[in-house]
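To start, the structure under review is shown below, and the notes come after it.
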Amino acid sequence: MPEKMTHIPYYPGCTLKSKALGYERSAKDCARVIGFEMHDIEKWNCCGASFPLTKDNLMGLAAPTNILVEAEQHCTERKIDAQLITLCSFCYNTLKRTDFAFKEDPGKLKTLNEFLDRKYHGNVKVTHYLEYLRDVIGFDNLSKMVKTDLSHLRVAPYYGCLLLKPEKELGLDDPEEPVILHDFLDALGCQVVDFPGQVDCCGAYLIMRNPDKVLELSHKILDEAAEYGAQTLVTACPLCQSNLDQSEVVRGEMPILYFTQLLAIALGLETEHHQFDTHCVDPKSIVASCQKFKECANAK
Amino acid sequence: MQINTENNQTALRNLEIATGETISDCYQCGKCTAGCPASMDPSPSLLIHLLKLGLFNQAISAESVWDCMSCLTCSERCPKNVNPAAIIEGLKRIHLNNMDSEINLHSLGQEFLAHSTQQAVVSGFRKFV
Amino acid sequence: MLNEQIAMVGDRTIPPKDARFIPIFIMGQEYKVPETLTIIKAMEYAGYQFKRGCGCRGGICGACGTFYRIQGDHNLYTGLACQTVVQSGMVLAQIPFFPANRADHVDLHVAKMPPDERIATLYPEIFKCVACGTCTRTCPMGIDVMNYIALFKRGDILEGAKESFDCIMCGLCVVRCPANISQMKVAMAARRLAATQLVPRSEVTKNRAQLVREGRYEPMLEKLGQMDTEALKEIYVSREREPNLSEPGEWMPQDQSHL
């Protein structure tokens, strides 16, 4: 373990503080082992979840701007590089696109600074946890830290929409044929199930208006994953997790995990408080199978 | 053959200004429709076609605008750099700005509000209420 | 020019002898009032009588919320009329009442739902907040209203209840909210939920309430009820009192027969 942890400002987002606590806890625990510490920024509000697509909707940018201001202050006070790490795809998308919108049109930033009576200088680099693992830690280094044998596990990576699109603004990976989660799973040593539904939409907020449609779309994704032999599916978005998980209860028995939960298992951490039990489809069997292999390896 | 008797050039221009898109750029290749996971009907390309024909009222009253879940597949695949998702959101916002919301807040069940993730509720409220 | 001898009704406003007269605008009408008065006294000076929109006059009841602008300044200011001193060119609008949505929380205490879900079901409109921050800038008590709404959204009811603790329910945030949220009502429900379900229960209070329920104090009350006024006065004056600065739990009365 490195002697001094890198201090990384972190924006949690509402869902990660309540419905997806396991995602946040596992991510923070893993970060500590990998060598960086995620610190919540002091004061934060909901990011607004969906980035306003119409150009004239400046009001939708108010919430993310507030967060960027807070992050910038957090970093200035500590004299560190202005950056912000996120876990939720929605938050990542909204914050990063807001920052991009300001870079593209400084007039917008001026208007919002005046409206909010705050000052965002446009310096914050918004990063996703996965992006940080890939670009700063490196998947090669990550694979060296793996302590659990996951080679028996067939895992389907599910990206969803907002982690990747629009590519021009997020630049995380290719929106049609992404590899970042594939590489991540590879580094953990599990078998990656490359399935066609990995970038299809799960139905997202349509759950509010038309839950049947969400069920249909999620079923399609889960069917494809199962058809390609996946035992479990990992995602980076709490809404995808919730939609897929609720559909899976009706469909089958494939647990839907957050990628950090799997990472925590791989790194051999205590996973008791990672809230596996709040998932609709109980991932107990998956968790148990991994621990067994770990014990075997230790015995040898 | 249908003759357009509507005169909605102002409305169309306002929509273009609001969304920042150039609707006339669309050449109706249909890639957006092909990729649409919501299988919108009328489809995104048809909605844009209606707008191009000046049939603004038909486009805005289409039920399918509410089916869009802003997954941005259409926007990502458009070869002409038109953003159908933004145009659809522009149409939604015209309804919402007139206090004509798609979902009655109090018809949402307790069960849904208590157990769904915040991001679903927040996004839903942004798009439907 | 108004004469300073003119009827000073209400709370006996007596302006200083050499007070200057400054113009203020009430419902668009200009009045000349002595400086140094609070808004409420200035309005009474100008001849208004308050039957509503005025309560404690001490900055606590929240009845006299006021919006005002200063002529030539685009900003909209807020204040409590009983606490804000008039300034020259002040244009006033009293907001004694503003419609706010109070969800039906009759079953607040019996519901088994956890507090965060309870707030989400009672007041789903909080999820429409765009974090514009107008409420925070509006609050005459200096509460970070936007922050407590943000806390409720993420399910942190206890912190939100603490953040909103100074709220006096004047309703000025409700007036300004573009998302039609009734912040003060949400916060009130949250404080109630926090108090009933989230804050640790005090053993002492519980035990004492039990004693009350068992009728421990009924005979003492009855005895008091039978005493005449003079005798009551006497025991009131001669009662033992806890010294002002004594540490909690340190002081005990000599006569412990009533505990």
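With an 8 Å Cα cut-off and a minimum separation of 6 or more residues, compute the relative contact order for chain B in percent. Provide the component values of the computation, followed by the final result.
Numbers: 129 pairs, mean separation 32.8, N = 129.
Relative contact order comes out at 25 percent.
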Derived scalar couplings ³J(HN,Hα) [segment A:154-171; Karplus, 6.51 cos²θ - 1.76 cosθ + 1.60; whole Hz; x for Gly, Pro]
9, 10, 9, x, 10, 8, x, 9, 7, 6, 10, 10, x, 4, 4, 9, 8, x
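Per residue of C:117-125, how many C-beta atoms from partner chains lie within 10 Å of its own C-beta, taken as a mean?
5
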Send over the Kirkwood Rh of chain A, from the inverse of the averaged 1/r over different Cα pairs, rounded to one decimal Å.
19.7
Per-residue Cβ contact counts at 10 Å, fewest first, order A:His74, B:His49 as B:His49, A:His74
Obtain the radius of gyration and the Kirkwood radius of the protein assembly as shown from its C-alpha atoms and give Rg over Rh.
1.05
The set of cysteines in chain B having no other cysteine's C-beta under 4.7 Å reads B:Cys26, B:Cys29, B:Cys36, B:Cys68, B:Cys78
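Could you tell me the ratio Rg/Rh of segment C:106-198? Both radii from Cα atoms, Rh via Kirkwood. Walk me through the numbers before you get to the answer.
Working: Rg = 12.1 Å, Rh = 12.9 Å.
With Rg and the Kirkwood Rh in hand, the quotient comes to 0.94.
For chain A, what are the DSSP H helices with axial Cα length of 27 Å or more and mean Kyte-Doolittle hydropathy of at least -1.0? Walk me through the intermediate numbers first.
Details: long enough: A:59-78 (30 Å, -0.12).
What comes out of the filter, once short or polar helices are dropped, is A:59-78.
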Tell me, for chain C, which Cys residues have no other cysteine's C-beta sitting closer than 4.7 Å.
C:Cys54, C:Cys64, C:Cys82, C:Cys129, C:Cys132, C:Cys139, C:Cys167, C:Cys170, C:Cys177
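Could you please rank A:Asp140, A:Asp200, placing first whichever residue has the fewest other Cβ atoms within 10 Å of its Cβ? The partial results should precede the final answer.
On the way: A:Asp140 9, A:Asp200 21.
Ordered by Cβ neighbours within 10 Å, fewest first: A:Asp140, A:Asp200.
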Mind pulling the angle between the C-alpha long axis of helix C:183-193 and the longest principal axis of chain C? Nearest 10 degrees, somewhere in 0 to 90.
10
Once both labels are modelled 7 Å past Cα along the beta-carbon direction, what's the C:Gln29-B:Asp25 spacing in nm?
5.9
List, in the order given, every pair from A:Lys55/B:Lys80; C:Lys51/C:Lys233; A:Lys110/B:Lys80; A:Lys17/B:Lys127 whose Cα-Cα distance in the structure shown is over 26 Å.
C:Lys51/C:Lys233; A:Lys110/B:Lys80
Computed from every Cα-Cα pair in segment A:6-129, P(r) in 10 Å bins starting at 0 and rounded to whole percents is 14, 47, 31, 9, 0
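Under the definition of partner shielding as Cβ atoms of other protein chains within 10 Å of a residue Cβ, what is the mean value for peptide C:133-140? All intermediate terms of the calculation are to be shown ahead of the outcome.
Numbers: counts 9, 3, 0, 0, 2, 0, 0, 0.
Partner-chain Cβ atoms within 10 Å, mean over residues of C:133-140: 2.
Given C-alpha coordinates of chain B, what is the ratio Rg to Rh with the Kirkwood estimate of Rh? Write down the numbers at each step before the final one.
Details: Rg = 15.5 Å, Rh = 15.5 Å.
Here the Rg-to-Rh quotient is 1.00.
Ranked by Cβ crowding within 10 angstrom, fewest neighbours first, how are A:Leu163, C:Leu224 ordered? It would help to have the intermediate numbers written out before the result.
Values: A:Leu163 27, C:Leu224 12.
By the 10 Å Cβ count, ascending, the order reads C:Leu224, A:Leu163.
Would you please give the FRET efficiency between C:Leu232 and C:Phe98, computed as 1/(1 + (r/R0)^6) with r the Cβ-Cβ distance and R0 = 51 Å, to the nearest 0.05?
Working: r = 44 Å, r/R0 = 0.87.
E between C:Leu232 and C:Phe98, to the nearest 0.05, is 0.70.
Pairs of alpha-carbon atoms within less than 8 angstrom and 6+ residues apart define the contacts here; what relative contact order does segment A:139-299 have, in percent?
Details: 254 pairs, mean separation 41.9, N = 161.
In percent, rounded to a whole number, it is 26.
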Convex hull projection area averaged over all views, segment A:44-199, Cα basis, nm²
10.4
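Which whole number gives the average, over all residues in B:62-72, of C-beta atoms from other chains lying within 10 Å of the residue C-beta?
Values: counts 0, 0, 0, 0, 3, 4, 2, 14, 11, 12, 11.
Taking the mean over all residues of the peptide, I get 5.
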What order do you get for A:28-37, A:122-131, C:241-250, C:209-218 when each peptide is scored by the mean count of other beta carbon atoms within 10 Å, highest first?
A:122-131, A:28-37, C:209-218, C:241-250
Round to a whole angstrom and tell me the spacing of the C-alpha centers of segment A:215-255 and segment B:79-116.
25
Summing -39500 (n - 2.57) over the DSSP H runs of n ≥ 4 in chain C and dividing by its residue number, what mean residue ellipticity at 222 nm do you reach, to the nearest 500 deg cm²/dmol?
-8500 deg cm²/dmol
Segment A:139-299 - Debye-derived log10 I(q)/I(0), Cα point model, q = 0.17 Å⁻¹
-1.00
Mean separation of Cα contacts under 8 Å (at least 6 apart) over the residue count of chain A, i.e. the relative contact order in percent, is 18
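Bear in mind that the values in this text are calculations on the coordinates, not laboratory data. It should be emphasised that the depicted structure is a prediction, and the values quoted were computed from it without experimental measurement. Reconstructed Cβ throughout: ideal geometry from the backbone, glycine too, with neighbour counts over all protein chains shown.
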